[in-house]
Every structure is written in C-alpha cells, then in structure tokens.
Amino acid sequence: MGNSYLFTGYPGFLTSRLVEALLTRREDVDRCYLLVLPSFRNQAEEQLLEIRERVGQTFDQLEIVEGDITLPDLGIQASTNRRILQEVTHVYHLAAIYDLATPFQPAYEVNVIGTKQVTDWVSQAPNLEQYTYVSTAYVSGRRSGPIYEGELSHNRGFHNFYEETKYEAEIYVQRNQSRIPTTIVRPGIVVGHSETGETAKFDGPYFILNLLGRMRHFRTIPYIGEGEGEGNFVPYDYVIDTLLYVSHDRRAIGKTLHVTDPCPYKVKEVYRMLSEGLLQRTPTSHLSFQLCEKGLNFKMAQKWLHVPKESLPYFKHDGHYDTSELSSLLANTSIRCPDFKDIVPTMIRYYEKHQKDERKQVTLT
C-alpha cells in the first residue's frame, strides 16, 4: 500500500512544484489531497491541469479539498475530514503569508493560528508517518553570528512581522514534536530554478536587479552600504529536492534543518555579480545605507525602483546559518546547493525575459 499526502499552500508556486516533483519521482503515491481556500478553487483546478499536462499523465490520485487552515479541522467538510485523517501518511505545511510588508494581524492569523490548526489536525492522524513543516531561516530575526539548526529561542527581535509570526509558529510546532513525527525545514531566500531560472516573483535578490536596472545610465554604479552581511539564496529546485528527500527519511524526524547555502557570499559580492551580469559594469562607488533607508521611506521611490524598504535589512544581515544536520542527512545523496555564482547567468536571463511582466513584480502599495 502506498502513501497518502496532504499539502497546504496550494496552488502556490512552491507547493505546486513540490506536488509535481512528488508525482514524477515516487511510485508509492496513492493519494494527494490539496487543501485550497474556496476562493482559489478555480486557480487550483487550472494549476492541476497544467501539472497533468507537464507530467504527461492523468493522476486520479489528485484531489482538491476546500478548507481554511485558520479554522478547526482546517475547515474541511466533516465526512471528508474523517476520510483524509484516516488515510494520510505525510503532511507538508507550506501555507503562509510571506510578504515582508504584511501587517501583524493577517500574518498572525495565517502563520501562527493556521500553523496551530494544522499541527493540531495532524496530531489526530492515526497513520501519520511524517509531518514536514516549512519554516524559514529568518526566524533568527536580528540574531548575528553562527546560528545552529537546533536553536530557536531568542530575544533579539525581528525585522518584520513575517519573521516574528513564523518564529511564533515554529515554537508551537517544536512544542508538539514529542507527539507528532515532525521535520522542520528552514529555507533561506528562495530564488529561481538553477537550470531554467523560472521563478514566481522577482523578490529577494531580484530587488537588486530592479535597482540596478534603474541605475543603468548612472555614470558610476554604487554599492549599497558596506554589504558585509551574508546573502543566503537557494534555488527552488534545491529546496524541493531536499524537501522530498528528508520527508521520506526517518532520520529527519525530530530535527530542524537549515536549507540554506552552506557557503554564502557576502551581499557586496552578490551585488557585484548581479551588476556585472545585468549591466556588464562593476560597482565602484558607495551609497550609504542610511541614505538608502531615507530614500525608501517614500512610497513613490519604492514603486519606481520596485524595491520595498522592508528588503533593506537583508543587505546587512550578519547571521551565518550552520547546515551540519542537513549536510549529514544528504551526505550519501547527489543533492547539493549550487554555488550562487553559477546560477547568476540563468537568473539574469530569466529576469531580462520577464522583467516587464507585472505579475512577476511584487505589488507595492
């Protein structure tokens, strides 16, 4: 008998790609339940058709289930809920509000209350083998220096409500690990596919590309601040490969794993690579970080540059994410995080092809 899976976060980009990868790489899939808000039903069905076309098969195992992670029993109709709880062996919880500028209340409702509801729901599944919770490396907030996978609790504060609410959510998941076979995964900043460049949104380092594009005709290209923080960027295919592997590895149960770049570049180096790749120009001057902060206090400047002010703290984030636990689990596999410099050309090609597509740009209000 095969496995039965439930996913939250569908039809979001990463969840959709994870479902597709699961179906094409594993032969023990009996059923995939895709939890979807009723308002996203049509989009979910369209995404399902695209997945079926790409993998070249009709998967009768795929079932869209309407619900809401912020409600008891995930808002699933009672008889359907009983059936899924009895069947499910693996749960992937990816649903979250990822917007760095989101206000506290919606972030708390989805990221904290939603995670509590999913975790409580999972605890009722009698045949559960593994619960994979996707957190973020940035639950570390304003911490600096080495940050280890087994560490969570701190009082250093946070840069935004996204970090803060994901931190609170992970605390709840960790508290329940003794009764639920759980793996916590903390990705870094997710970027496009390492081979195709495909990405859903131009955020993270793509904000640097937006900024550089606006400075294309400047006499000199300036660095932003000193750029001594680490830029921790991971292509989404590496994240998916890792998720699929650790979620079927009993050794990962009870562990927290940094899916981050084990050898990240300083932000200054990332900035230089992107400038040379996009503009064929090496930065030679500096803009002070404080001046940039003041400039991005104006909404008009943020919209013109396509750079939200909430992204600035990551230019000087000086935490280093240790990956010892994950490296040990992946030691006998071919799964490795690509060197960022090797994926820059692919990132830029995709960016140049799609930069005028407003659907790819983060909406700034």
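List pairs: first residue in region 96-125 and under 23 Å from P11 (Cβ atoms) and not assigned by TED's automatic domain parsing to the domain that holds F158, second residue among the small types (G, A, S) and at pLDDT 95 or above anywhere in the structure, Cβ distance under 9 angstrom, at least six positions apart or on different chains.
Short answer, once both residue conditions are applied: none.
Considering only region 229-315, give the helices (runs of 4 or more DSSP H) lying wholly within it that have at least 3 residues that are assigned by TED's automatic domain parsing to the domain that holds L329 and over 25 Å from the mean Cα position of the chain (by Cα).
Values: elements: 236-246, 267-279, 289-295, 299-305.
In region 229-315, the matching helices (runs of 4 or more DSSP H) lie at 289-295, 299-305.
Taking the criterion of being more than 16 Å from the chain's Cα centre (by Cα) and assigned to a helix (DSSP H, G or I), would at least one residue in region 150-169 satisfy it?
Yes, the conditions are met somewhere in region 150-169.
Could you grab me the full set of residues in region 190-225 that are outside any helix (DSSP H, G or I), touching a helix residue (DSSP H, G or I) at 6+ places or on another chain (Cβ under 9 Å) and under 13 Å from R281 (Cα atoms)? I'd like the intermediate steps shown before the answer.
Start the filter on region 190-225 by keeping residues that are outside any helix (DSSP H, G or I), which leaves 190-205, 215-225.
Next, from what is left, pick out any that are touching a helix residue (DSSP H, G or I) at 6+ places or on another chain (Cβ under 9 Å): 190-205, 215-216, 221, 223-225.
Answer for region 190-225, where residues must be outside any helix (DSSP H, G or I), touching a helix residue (DSSP H, G or I) at 6+ places or on another chain (Cβ under 9 Å) and under 13 Å from R281 (Cα atoms): M215, R216, I221, Y223.
Starting from residues that are surrounded by 13 or more Cβ atoms within 10 Å (Cβ to Cβ) and charged (D, E, K, R), keep the ones in region 262-300 and report whichever is farthest from S311 (Cα to Cα).
Only one residue tops the list, namely R281.
Report yes if A137 is of a type outside the set (F, W, Y), in contact with a strand residue (DSSP E or B) (Cβ under 6 Å, 6 or more places away or on another chain) and assigned by TED's automatic domain parsing to the domain that holds Q105, otherwise no.
Numbers: of a type outside the set (F, W, Y): yes; in contact with a strand residue (DSSP E or B) (Cβ under 6 Å, 6 or more places away or on another chain): yes; assigned by TED's automatic domain parsing to the domain that holds Q105: yes.
Yes: the conditions hold for A137.
I want to confirm something. Restricting to region 37-54 and keeping residues that are at pLDDT below 85 and loosely packed, with under 14 Cβ neighbours inside 10 Å, which single residue is farthest from E20 (Cα to Cα)? Working first, answer last.
To start, the set of residues in region 37-54 that are at pLDDT below 85 comprises 52-54.
Cutting the leftovers down to loosely packed, with under 14 Cβ neighbours inside 10 Å gives us 53-54.
Working: E53: 11, R54: 9 Å.
Per the criteria, the residue is E53.
Which residue pairs have Cβ atoms under 9 Å apart, sit 6 or more places apart or on different chains, and have a first residue in region 337-353 that is assigned to a loop (DSSP other than H, G, I, E, B) and a second that is modelled with pLDDT of 95 or more and of a type in the set (V, I, T)?
Note: pairs meeting the criteria are C337/V234; C337/T242; C337/V259; C337/T260; C337/T323; P338/V234.
The values are calculated or read from the model by the stated rules, or taken from the named source; none is laboratory data. Because the structure is a prediction, the values reported are computed rather than measured. Cβ sites come from the backbone with ideal geometry, for glycine too, and all protein chains shown count toward neighbours.
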